[in-house]
1. Using only Cα atoms, locate the centre of segment 57-74 and the centre of segment 22-49, then give the distance between them in Å, rounded to an integer.
2. Which distance in Å, rounded to a whole number, links the C-alpha centroids of segment 122-154 and segment 2-19?
3. Straight-line reach only, C-alpha to C-alpha below 21 angstrom: list the lysines that LYS175 could link to, leaving out same-chain residues fewer than 8 apart.
4. Short version: what are the Cα gyration tensor semi-axes of segment 57-141, square root of 5 times each eigenvalue, largest first, in whole Å?
5. Using only DSSP helix segments of four residues or longer, with each worth -39500 (n - 2.57), what per-residue ellipticity at 222 nm results for the chain after dividing by its residue count and rounding to 500?
6. LYS49: which lysines have alpha carbons under 16 Å from its alpha carbon, excluding same-chain residues fewer than 8 sequence positions away?
7. Note the per residue figure in Å³ for the convex hull of the C-alpha positions in segment 4-78.
8. For the chain, modelled as a Gaussian network with Cα springs under 10 Å, which listed residue fluctuates most, GLY13, GLY25, GLY58?
Amino acid sequence: MSGYTLYWKPGSGSMVVEAALRLVGVSFDGVRINDTSDPAFLALNPAGKVPVLKMACGPVIAESAAILLSLDDMFPEARLLPPRGRSGHVKAVQWLIFMATNIYPACLRYYYPERHTADPAPEAAEAVRQQAARDMERDFAQLAAVVQGPFLTGQTMTITDVYAAMLADWYDPAKQLPELAALVSRVLENPAAAEAWRNHGFGK
Ligand SMILES: N[C@@H](CCC(=O)N[C@@H](CS)C(=O)NCC(=O)O)C(=O)O
């Protein structure tokens, strides 16, 4: 048994955490979660959401961005993010948080609109879905506009790029944006990212 345990689901946001663990080079165990309402899983994350990472040193962390920032703190030499103190670092953190707090939730509203309205009428869910599509159109365009080429902060891939590729794969119109299409292709040239991508069933 390794020191890290990743609680994951195919097609979910745990993909980017698996990629981070592979980029860092630590061994980890994967626990596939089929039912996020299972009491044993809720004891780990009362929000009932993956990804969750149980750390070697004890703590259990939820929230994709928090997990990635923690791994970067623990393994700075792995360069999940650009070195601290450089402008690339703050920008990579900014866009990571932007995606985690704007695009990820919009994607969930788009695919599960009925969970985001108290109104049971199908039109209410449809209105939520349409607004989520508008939000994503605006936010993905903002993201595409800051790609410096080929990655978000320049020539070197960071975990923020893997995050962006993951979100773009969830929403087809995002992949039509040439900057994001190029970014996804470059991310998949990285063997660690490509393996996590495959294991999670992305790219279908
Ligand atoms: N803010 C959370 C969102 C996590 C989230 O919503 N995960 C989804 C999968 S992508 C989930 O576990 N949903 C419950 C389920 O699938 O049963 C994060 O960034 O980690």
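Every number here is computed from the coordinates shown, using simple stated rules; none is lab data. Keep in mind the model is a prediction, meaning the values are calculated, not measured.
1. 13 Å
2. 24 Å
3. Candidates past the 8-residue exclusion: LYS204.
4. Details: eigenvalues 229, 54, 8 Å².
Working from the Cα gyration tensor, I get semi-axes of 34, 16, 6 Å.
5. Numbers: 10 runs with 108 residues, N = 204.
When only DSSP H runs of four or more count, the value is -16000 deg cm²/dmol.
6. Of all the lysines, those that pass the test against LYS49 - Cα under 16 Å, at least 8 places apart if same chain - are LYS9.
7. Dividing the Cα hull volume of segment 4-78 by its residue count gives 78 Å³.
8. Among GLY13, GLY25, GLY58, the largest GNM mean-square fluctuation belongs to GLY58.
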